[in-house]
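The values are calculated or read from the model by the stated rules, or taken from the named source; none is laboratory data. The structure presented is a predicted model; accordingly, all values stated were derived computationally and were not measured. Cβ: placed from backbone, ideal geometry, glycine included. Neighbour counts: every protein chain shown. Note: areas computed on protein heavy atoms with side chains; ligands, DNA, RNA excluded. Shrake-Rupley method; radii C 1.70, N 1.55, O 1.52, S 1.80 Å.
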Amino acid sequence: MAVRVPILRQGRTLIASFQDDLSDSDILSLQGRVLEDVIRHRATGVIFDVSALDVLDSFGTRTLSDIAAAVQLRGARMAIVGIQPEVAFSMVLLGLTLSDVPTALDLETGLALLARAVP
Amino acid sequence: MTSIELPAEHIQRIERDGDVVAARQTGRRIAAEMGFGRPEQALIATAISELARNIVSYAERGSITFRAEDHAGRRGLRIVAEDRGPGIPDLAQAMSDGFSTGNSLGLGLPGTQRIMDEFDIRSIPGEGVTVTVAKWISR
Ligand SMILES: Nc1ncnc2c1ncn2[C@@H]1O[C@H](COP(=O)(O)OP(=O)(O)OP(=O)(O)O)[C@@H](O)[C@H]1O
Ligand SMILES: [Mg+2]
């Protein structure tokens, strides 16, 4: 199966760009790949660019929080960027807050956010 | 009033992970064709995703039916998620924020009620669950 979420590297930051509507198994396979890449490249930051996603439901949100927590345990930080306005609106009504993961408007702001966080 | 051709009733079988994605894409497409705005399309797709995932997680298989409706010129999309799984013994409990037997967030059902205009859930333990939701085009 084709890789649905390419993980790019910029310095010690990994950038995972979601391409389109992902299934649960796509998201779960991403979980393992991100952690492997964090270790392999000694990454200090991970950015999930979700601007191409038009749904983020309870499963997706919970999995993103889990990945962020695992990334944190590896000593790196994770940020989610590009949540579409209507996706954000649906998430709020659903009750999903993602309060434990930093978010930014776009990739550039996300990179700045992580750069500030690195000691 | 101009007569608009409504999409025929559409049934999507739900038995695998991938069907959850297919169902929400179908729902969004029908909603877009019916004239729902983008924010409402996102709400509808999210609700479908929650209902379809519950079928896969708790009942293994079931179906989601999409029906475009027109009541005195008011158009809406009705979605019925049905399964013949174990059912829900205590509906009030299942509908409360944070209740989950699946070690999850417990937001799917109460959240779906918040994002749709109509919500109805019925279950006979041992015989399955039927959730019916609807969204009307605002004017
Ligand atoms: N189709 C179903 N068949 C049997 N039980 C169900 C079904 N749908 C929901 N339930 C029960 O109702 C509970 C609440 O469902 P709800 O979707 O609100 O939360 P969840 O699936 O546990 O978590 P989340 O949706 O936030 O990931 C579930 O944990 C499960 O026990
Ligand atoms: Mg659920």
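With every protein chain in place and a 1.4 angstrom probe, the accessible-area ranking of B:R24, B:R114, largest first, reads B:R114, B:R24. Helical content alone sets the calculated 222 nm signal of chain A at -14500 deg cm²/dmol, taking -39,500 (n - 2.57) per DSSP H segment of four or more residues and averaging over every residue.
A Förster distance of 25 Å, applied to the separation of the beta-carbon atoms of A:R33 and B:E15, puts the FRET efficiency at 0.40. For the peptide B:13-23, the mean number of other protein chain Cβ atoms found within 10 angstrom of a residue's Cβ is 3. A full extension of the chain between B:D120 and B:E69 corresponds to an added length of 16.7 nm, given 0.36 nm per residue minus the alpha carbon distance. Surface composition of chain A: carbon plus sulfur atoms hold 55% of the accessible area, using a 1.4 angstrom probe and ignoring ligands, DNA and RNA. Kirkwood analysis of the Cα pair distances in region A:54-119 returns a hydrodynamic radius of 12.5 Å.
Estimated from helical segments only, the mean residue ellipticity of chain B at 222 nm is -10500 deg cm²/dmol, where each DSSP H run of four or more residues counts as -39500 (n - 2.57). Once divided by 2.2 N^0.38 Å, the Cα radius of gyration of chain B becomes 1.03. Both radii come from the Cα set of the protein assembly as shown: Rg as radius of gyration, Rh as Kirkwood radius; their ratio Rg/Rh reads 1.01. The C-alpha atoms of chain A define a longest principal axis, and helix A:58-73 lies at about 20 degrees to it.
Mind checking the full-extension length gain between A:R12 and A:V92? Use 0.36 nm per residue of separation minus the Cα-Cα distance, one decimal, nm. Mind showing how you got there, number by number?
Working: separation 80, 0.36 × 80 = 28.80 nm, distance 3.22 nm.
Length gained between A:R12 and A:V92: 25.6 nm.
Run through the DSSP bridge list for region A:7-117 and note the antiparallel percent, rounded to the nearest 5. Expressed as a percentage, antiparallel bridges in region A:7-117 total about 25. Gain on full extension, evaluated as 0.36 nm per residue between B:D90 and B:R38 minus their Cα-Cα distance, stands at 15.2 nm.
Could you run the numbers on buried accessible area between B and A, total for both chains, 1.4 angstrom probe, in Å² to the nearest 100? Don't jump to the answer; show the numbers that get you there.
On the way: alone 7780 and 6710 Å², together 12560 Å².
Chain pair B/A: roughly 1900 Å² of buried accessible area.
Taking Cα atoms, how many degrees apart are the long axis of helix A:107-117 and the longest axis of chain A, rounded to 10 and kept between 0 and 90? Its long axis makes an angle of about 50 degrees. Using only the C-alpha atoms, the convex hull of region A:7-117 corresponds to 86 Å³ per residue.
Of interest is the spacing of the C-alpha centroids, which for region B:105-139 and region B:1-79 amounts to 12 Å.
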